[in-house]
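Below: one structure, written as structure tokens.
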Amino acid sequence: MDKDTFRAAMRQVAGAVTVVTTRGLNGEPRGVTATAVCSLTVEPPSVVACINRETWVGQIAPESGNFCVNVLTKAQQPVAETFAGRTTLSGAERFQVGDWQDAETGAPVLDGAIASFDCDLEQAVDFATHVILIGRVRKTLSENGTAEPLVYVDGGFTTTRPAA
Ligand SMILES: Cc1cc2nc3c(=O)[nH]c(=O)nc-3n(C[C@H](O)[C@H](O)[C@H](O)COP(=O)(O)O)c2cc1C
């Protein structure tokens, strides 16, 4: 399989934009913009997040044992850009953008997100460049479910609207 062909096909797959956060053992928060996130099981309530090991979250979450998936609204696009490394802010400074609180696990939770899933890390599975974080959801927070979702497709941010 040629990787450019794979990339071109994946570009057309629309994804909900999230910021996956964690609180390190040293107390420092970190976050990363991620679309490779989805629901795993309802019983127990669980999610997966596929995170590059070169990112802060990919390094820290397997040790810290906590992470929180924050699903963004269209209005929160600046948060997505910040946590994708598209500004000069790095590490904990990125939390200056958006309104963040501490969830039960200690991971940062974003006010006004469509939904946030505060997780205890159940397993971290390495695959090639990435680590697959499997989280058992302790609590769902900050529901703003009627807001327009932030969606990423074909290299750009957009939103979806309910079909008429
Ligand atoms: C829309 C979008 C989706 C992304 N999805 C993922 C993802 O699912 N997993 C991942 O590891 N990186 C993803 N990235 C890349 C990270 O956000 C990016 O590498 C970030 O700069 C990592 O920050 P750090 O290396 O400073 O910790 C995505 C970026 C964008 C813009």
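Diffusion of the stretch 19-158 by Stokes-Einstein, at 10 °C in a medium of 1.306 mPa s and with Rh set to the Kirkwood radius over alpha-carbon pairs, works out to 108 µm²/s. Check which residues have an amide H placed less than 5 Å from Ala103's amide H, if you skip close sequence neighbours. Here the answer is Val109, since their amide H atoms fall under 5 Å of that of Ala103.
List residues of the stretch 1-33, by number, whose backbone nitrogen lies under 18 Å from a label position 7 Å along Cα→C-beta of Ala84. The answer is 7-21, 31-33, whose backbone nitrogens lie closer than 18 Å to the label point. First check a/c for the stretch 97-160, with a ≥ b ≥ c the square roots of the eigenvalues of its C-alpha gyration tensor; if it is under 1.5, answer rounded, and if not, answer prolate when a/b is larger than b/c or oblate otherwise. Taking the square roots of the gyration eigenvalues as a ≥ b ≥ c, the stretch 97-160 is oblate. Take every Cα pair under 8 Å whose residues are at least 6 apart in sequence, average their separation, divide by the length of the stretch 1-157, and the relative contact order is 29 percent. Can you list residues whose amide H is under 5 Å from Ala113's amide H, if they're 5+ apart or on another chain and H is modeled 1.01 Å from N? Those lying under 5 Å, H to H, from Ala113: there are none.
Placing unit charges on the Cβ atoms of the charged side chains and taking the dipole of the chain about its Cα centre, the candidate lying farthest along the positive direction among Ala84, Ala124, Thr159 is Thr159. Our coupling estimate for the stretch 11-25, obtained by passing each phi through the Karplus curve with A = 6.51, B = -1.76, C = 1.60 and θ = phi - 60°, is 4, 8, 8, 5, x, 5, 8, 10, 10, 8, 10, 8, 10, x, 4 Hz, Gly and Pro reported as x. Placing +1 on the Cβ of every Lys and Arg and -1 on the Cβ of every Asp and Glu, with nothing else charged, gives the stretch 50-164 a dipole about its Cα centre of roughly 240 debye. Ranked by the mean number of other Cβ atoms within 10 Å of their residues, highest first, the peptides 94-101, 139-146, 50-57 come out as 50-57, 94-101, 139-146. Taking each DSSP H run with n ≥ 4 as -39500 (n - 2.57) and averaging over every residue of the chain yields -4000 deg cm²/dmol at 222 nm. Using 0.36 nm per residue and subtracting the Cα-Cα separation, the extra length available between Thr160 and Ala14 on full extension is 51.6 nm.
Find out how many positive minus negative residues lie around Gly112, taking Lys and Arg as positive, Asp and Glu as negative, among other residues whose Cβ is under 15 Å from that of Gly112. Around Gly112, the charge tally is -3.
Bear in mind that the values in this text are calculations on the coordinates, not laboratory data. It should be emphasised that the depicted structure is a prediction, and the values quoted were computed from it without experimental measurement. Reconstructed Cβ throughout: ideal geometry from the backbone, glycine too, with neighbour counts over all protein chains shown.
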